[in-house]
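Have a look at the structure that comes next, please.
The values are calculated or read from the model by the stated rules, or taken from the named source; none is laboratory data. Treat the numbers as computed from the prediction; the structure is a model and nothing was measured. Positions of Cβ are backbone-derived with ideal geometry, glycine not excepted, and every protein chain shown enters the neighbour counts. In case anyone asks, the SASA skips ligands and DNA or RNA and just uses the protein heavy atoms, side chains included. Shrake-Rupley method; radii C 1.70, N 1.55, O 1.52, S 1.80 Å.
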Amino acid sequence: KQWYQRRVRGDMNKREKTAEKAPEPEEYYEKANITASVKEVVSLLVENRPKDPIAFLSQYFGSLVEEVNVIVRAQRLVCLTHHSRPAFQDNVISAYKLLRDKGLNGKVHNELLKGLCNGIPGIITERLLEKLNCRELEAIPHQLFYSNVLACLVCHDYKKHAELLYRELGTVCDRGVCDALLQLLSVSVEQSKYDISSAVIARTISSANNYRQHYVSSEDFVISALDTYVDMIKTPS
């Protein structure tokens, strides 16, 4: 019994000492940088207003875990929301500052663009990067950074809308119709009108049916559309 009492008293003393050493919650939050991270993600959440906030939070904290790869984190920042949303500009500024503080130059800029082109056909990625790439030690101003990041993201939109247009063709997949629709797509993107009505598509197909040529595959159609898009990109002289 005495041994048991001594054991209980010893455990109580240990707990009291541990409690004395334990920092206050606020002190712990600051020391672990939790407060700053939570404030930042809440701010981003309010600015971006994602449809799936849980997935958004998961992506954000996942990028913090992978902070060793600062380019991956910058890529995730610019992809947090669609480029048509007002919050996109703030996200790009955050990504730019993140990379600038770590030593932003042409090499880092090129690696970021390469990551942003993931999902774009290889032949188009090569053309796009050749057009946007900077010299390895070149200083990258914010405006150039912004326009090149945007060019990569719009390329994904162009690809998506080209695929949707091809599906609208049904069985009418000849060169004449495809060329007419590619022209329609390029004009729409130049005017920042991504939603092309079914009526406009139907009229375009009907008028182009008089000039039927050989069959065009989905892959060829998308490549042709993206080629047109890359040709439209204007780079600093």
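Could you say whether any residue in segment 93-104 is farther than 19 Å from Leu150 by Cα, assigned to a helix (DSSP H, G or I) and among the hydroxyl-bearing types (Ser, Thr, Tyr)?
For segment 93-104, residues farther than 19 Å from Leu150 by Cα, assigned to a helix (DSSP H, G or I) and among the hydroxyl-bearing types (Ser, Thr, Tyr): absent.
Just the residues that are open to solvent by less than 30 Å² (accessible area, probe 1.4 Å) and in contact with a Ser or Thr (Cβ under 9 Å, 6 or more places away or on another chain), please, taken from segment 114-125.
Cys117
Regarding Ala32, is this residue open to solvent by less than 60 Å² (accessible area, probe 1.4 Å) and at pLDDT 75 or above?
So Ala32 fails the test.
Still on this structure, I have one more. Looking at segment 76-113, which of the residues that are open to solvent by less than 10 Å² (accessible area, probe 1.4 Å) and under 14 Å from the mean Cα position of the chain (by Cα) is modelled with the lowest pLDDT?
Out of the qualifying residues, it is Ala87.
Continuing with this model, one more query. Would you mind telling me which numbered condition in (1) modelled with pLDDT of 90 or more; (2) open to solvent by 40 Å² or more (accessible area, probe 1.4 Å); (3) of a type in the set (Ser, Thr, Tyr) Ser43 fails?
That leaves (1) as the condition not met.
Of everything in segment 116-128, what is within 16 Å of Ser147 (Cα to Cα) and either in a loop (DSSP other than H, G, I, E, B) or within 14 Å of the chain's Cα centre (by Cα) (or both)? Give them in sequence order.
Leu116, Cys117
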